[in-house]
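Scroll down for the structure; my scribbles are underneath it.
The values are calculated or read from the model by the stated rules, or taken from the named source; none is laboratory data. None of these values were measured; they are calculated from a predicted model. Here the Cβ is made from the backbone with ideal geometry for all residues, glycine too, and neighbour counts use every protein chain on show. Just the protein is used for accessible areas: all its heavy atoms, side chains included, with ligands, DNA and RNA removed. Shrake-Rupley method; radii C 1.70, N 1.55, O 1.52, S 1.80 Å.
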Amino acid sequence: MQIRYFNETDREPLLEFAGSVQANNPKDSQYRSQELSEILQQPGFNPKTSCLILEKDDHIAGYCIVFSEKLIQRAVLATDVRIDLEASGSEAKLIQSGLELAKIRDASVAHLCLGSETPRSAMLEDVGFHNARTYLHMLWDEETPPDTKIPPEYSVSLYTSQDAQKLTDIQNAAFTGSWGFCPNTAEEIEYRSNMSNTRHECIVFLENKIDVVGYCWGCLGPNEGNTRGIISMIGIHPDYRGKGLSQIILTAGINKLNELSTDGISLHVDSNNTPAIKLYQSVGFREIDRLHWYEYTF
């Protein structure tokens, strides 16, 4: 086994590897490969200095991508290995190499997300991580979409190719200072809004005559061969909180995603965010799983 940096000859084998791990059908496999391809090409990201390859017998057996968020001195690690290597010493060494890279980038903290409790949890704790946050994975699969009743002083509009700065501004206003959020640039938002898992008509703004007061960013992804809607982010400008507007933008987002998805709509929410959980439950979301964010402090 060896761990090395990504080079251009790795691109196609790496995408093929990503499509073969944790994908049970061709649609899911193609999605995972496409998603990684777009991640490797995103603005400001250089896979040659940010992607580590775990290699065995001249074949890719895993990878670790280190996303540096210098504004908040954080690094996010995304790692995947062959199933037979999960929670192994080889995966531990791969993650330790990712931490070394994060430290070089002056990160003060590193985060890594896992799904349900697995042997990998114990492996991360052995490396030095601790479970910092738990997020609920919730699903809406009702037969009838919720009603959207919009007060006359507000209106709903859909994202267009001219709205990157508009989306950047409302997202940063809604989330700056929140746990794990790094402010975005318009260039980053424009790129992400054109990724293959996003449709412009699934990004919804709530506005009045003066301001953009909230938004719901919806995406589409595969789930066991079907298409599932995903509420990636939903936020309200701090000046407009406490006015009952979250439910309006949430139901508007659900309705748009429901037109395109065939397998329900899912989202993740911090288990400590009781008001948000109650909001989601009020329109029919239910918990189906949990995600665990692990933290390593340098």
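What is the spin-label model distance, in nm, from E153 to A78 if the labels are put 7 Å beyond Cα along the C-beta direction? Inter-label distance under the simple model: 4.1 nm. Students often get this wrong: which residues of the stretch 74-118 have the backbone nitrogen under 13 Å from the point 7 angstrom along Cα-to-C-beta of T297? Only 108-110 fall inside the zone, counting backbone N under 13 Å. List residues of the stretch 31-47, by number, whose backbone nitrogen lies under 18 Å from a label position 7 Å along Cα→C-beta of E187. The answer is 38-47. Accessible surface for the chain, divided over its residues, is 49 Å² per residue with a 1.4 Å probe.
Within 9 Å, Cβ to Cβ, of L85, how many net charges do the neighbouring residues add up to if Lys/Arg are +1 and Asp/Glu are -1?
Numbers: positive: K56, R82; negative: D84, E86, E91.
Taking every Cβ under 9 Å from that of L85, the sum is -1.
Dimensions of the stretch 1-116 based on its C-alpha atoms, expressed as ranges along the principal axes with the largest first, amount to 38, 33, 32 Å. Compactness of the chain is given as radius of gyration and Dmax, 19.7, 65 Å, from Cα positions. Placing dummy labels 7 Å off each Cα toward the beta-carbon, the span from R133 to E12 is 3.9 nm.
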